[in-house]
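Visitor: Structure below; questions to follow.
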Amino acid sequence: MALTVTLPRDTDEAKTTGASGATMTTTATTTTTLPEHRRLGLRDGLEGLRDLMDRLLAPDGCPWDREQTLDSLRPYLIEEAYEVLDAMDDAQAHRRELGDLLLQIVFQAALREREGAFDLDGVIAAIREKMIRRHPHVFGSKPAAGAPLDADAVSRQWAQIKQAERSEQSSEGPPQPLAGIPRALPALQRAWRLQDKAASVGFDWPSVEGPAAKIREEWEELDRARAEGDPDHVREEFGDLLFVLVRYGQKLGVTAEDALRATCAKFEARFAYVMAQCHARGIDPNAAGLAVLDGFWDEAKARGIGRGGA
């Protein structure tokens with residue numbers, strides 16, 4: 001619902017002369033339509049989102065929102081993050097899902113504010129200060145001698161600054177470059193982050209041939225474990241192989257998580273084609289047999305289904 005407000009176009013009144021010669025005074029007006037959120041008393045931009053959350057959490061606000069806690073919001077935060085990933089190929093869907101994710105941040109900050117811990121301004125200040133601190137080549141008062149000029153050098157500098165910050169917080173014990181990588185990350189993503197962090201201190205193969213040779217070694221070890229018939233050993237060696245494949249992908253400029261996500265989408269598209277062909281021919285997939293299903297799969301592959309979003 002929109003509210004229509006009539007406003008003077010100019011501060012001065014216009015004077016015209018009528019047919020009888022009398023002077024008439026008229027006021028020129030224009031019509032402005034207020035957006036719904038302004039009619040409801042909510043400000044524009046991020047401040048308006050804070051207003052909205054304050055309204056939801058008010059004593060006369062939303063009963064569901066008022067019952068939420070940081071623990072109850074955990075699954076929603078994860079879900080919204082994944083929905084952003086799913087929407088990134090569609091600009092309008094991406095915009096909407098980023099808004100949903102932003103709401104989760106505003107929601108959690110609002111709950112912390114009510115605890116007296118921090119508010120949304122504190123969240124913004126923390127990331128702003130960190131980004132300034134970790135980009136001395138951009139925000140430093142004077143260009144440092146030998147300042148980093150490429151992305152790799154900047155990445156190493158970032159790791160050094162982060163490690164120095166950790167050292168200031170805890171002066172005892174050995175360096176811990178792997179600290180801070182969330183254990184709740186998807187395993188492929190975490191494998192990438194762990195190896196990337198280790199590489200920042202020089203623990204890495206100098207070329208792609210290193211992980212390629214390691215893959216062959218791990219494959220042989222997996223084969224031996226399978227021949228032994230020890231399930232625990234098989235699981236261990238299979239994990240080792242996946243771990244090295246992640247680093248091999250990094251060396252090739254491929255992110256394992258993205259590559260596997262794309263392959264999953266391709267599989268879904270081609271399997272949908274297989275099921276559609278069974279349906280069109282009146283074939284029960286459960287009774288079709290592998291040869292028939294594989295034939296439809298080959299058709300899907302030949303048609304390019306699932307490749308590049310086809």
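Visitor: For the structure I just gave you, tell me whether Leu260 is touching a residue at least 60 places away in the same chain (Cβ under 8 Å) and assigned to a helix (DSSP H, G or I).
Guide: Yes.
For every residue, the table says whether it meets (1) under 24 Å from the mean Cα position of the chain (by Cα); (2) hydrophobic (A, V, I, L, M, F, W, C); (3) at pLDDT below 95.
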residue: Arg9; (1), (2), (3): no, no, yes
residue: His37; (1), (2), (3): no, no, yes
residue: Pro75; (1), (2), (3): yes, no, yes
residue: Leu85; (1), (2), (3): yes, yes, yes
residue: Gln108; (1), (2), (3): yes, no, no
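Visitor: Scan the stretch 215-243 for residues that are closer than 18 Å to Leu194 by Cα, among the acidic types (Asp, Glu) and exposed (fewer than 15 other Cβ atoms within 10 Å of the Cβ) and jot them down.
Guide: Correct list: Glu236 only.
Visitor: Would you check if there is a residue in the stretch 190-204 being closer than 30 Å to Ile105 by Cβ and at pLDDT below 85?
Guide: Taking every residue of the stretch 190-204 in turn, at least one turns out to be closer than 30 Å to Ile105 by Cβ and at pLDDT below 85.
Visitor: Take the residues in the stretch 223-254 that are within 17 Å of Arg190 (Cβ to Cβ) and of a type in the set (Gly, Ala, Ser), then tell me which one is nearest to the chain's Cα centre (by Cα).
Guide: Gly249
Visitor: Name, by its number, the condition in (1) closer than 21 Å to His37 by Cβ; (2) in contact (Cβ under 8 Å) with a residue 60 or more places away in the chain; (3) surrounded by fewer than 12 Cβ atoms within 10 Å (Cβ to Cβ) that does not hold for Leu120.
Guide: That leaves (3) as the condition not met.
Visitor: Further question: Which of the residues belonging to the stretch 169-223 are hydrophobic (A, V, I, L, M, F, W, C), over 30 Å from Pro75 (Cβ atoms) and not in a helix (DSSP H, G or I)?
Guide: Passing the criteria: Val201, Phe203, Trp205, Val208.
Visitor: Just a yes or no: is a residue in the stretch 165-172 modelled with pLDDT of 90 or more, of a type outside the set (D, E, K, R) and surrounded by 12 or more Cβ atoms within 10 Å (Cβ to Cβ)?
Guide: No, that holds for no residue.
Visitor: Additional query: Give the stretch 72-128 a look and list any residue that's under 25 Å from Pro186 (Cβ atoms) and not in a helix (DSSP H, G or I), or say none.
Guide: Within the stretch 72-128, Met88, Asp89, Asp90 qualify.
Visitor: Restricting to the stretch 64-101, what's the tally of residues that are exposed (fewer than 14 other Cβ atoms within 10 Å of the Cβ) and within 18 Å of Asp51 (Cα to Cα)?
Guide: Counting residues in the stretch 64-101 that are exposed (fewer than 14 other Cβ atoms within 10 Å of the Cβ) and within 18 Å of Asp51 (Cα to Cα) gives 3.
Visitor: Just to be sure before I move on: is Ala276 loosely packed, with under 13 Cβ neighbours inside 10 Å and part of a helix (DSSP H, G or I) in the structure I sent?
Guide: Yes; evaluated as a whole, the condition is true for this residue.
Visitor: Does Glu47 fit the bill of being at pLDDT 95 or above, farther than 28 Å from Pro182 by Cα and in the same structural domain as Leu98 (by TED's automatic domain parsing)?
Guide: yes
Visitor: Please state which one of Val208, Val254 is among the β-branched types (Val, Ile, Thr) and either touching a residue at least 12 places away in the same chain (Cβ under 8 Å) or in contact with a strand residue (DSSP E or B) (Cβ under 6 Å, 6 or more places away or on another chain) (or both).
Guide: Step by step, each of Val208, Val254 is checked, and only Val208 is among the β-branched types (Val, Ile, Thr) and either touching a residue at least 12 places away in the same chain (Cβ under 8 Å) or in contact with a strand residue (DSSP E or B) (Cβ under 6 Å, 6 or more places away or on another chain) (or both).
The values are calculated or read from the model by the stated rules, or taken from the named source; none is laboratory data. Small disclaimer: the values here were computed from a predicted structure and weren't measured. Cβ coordinates were reconstructed from backbone atoms using ideal geometry, including for glycine residues, and neighbour counts include every protein chain displayed.
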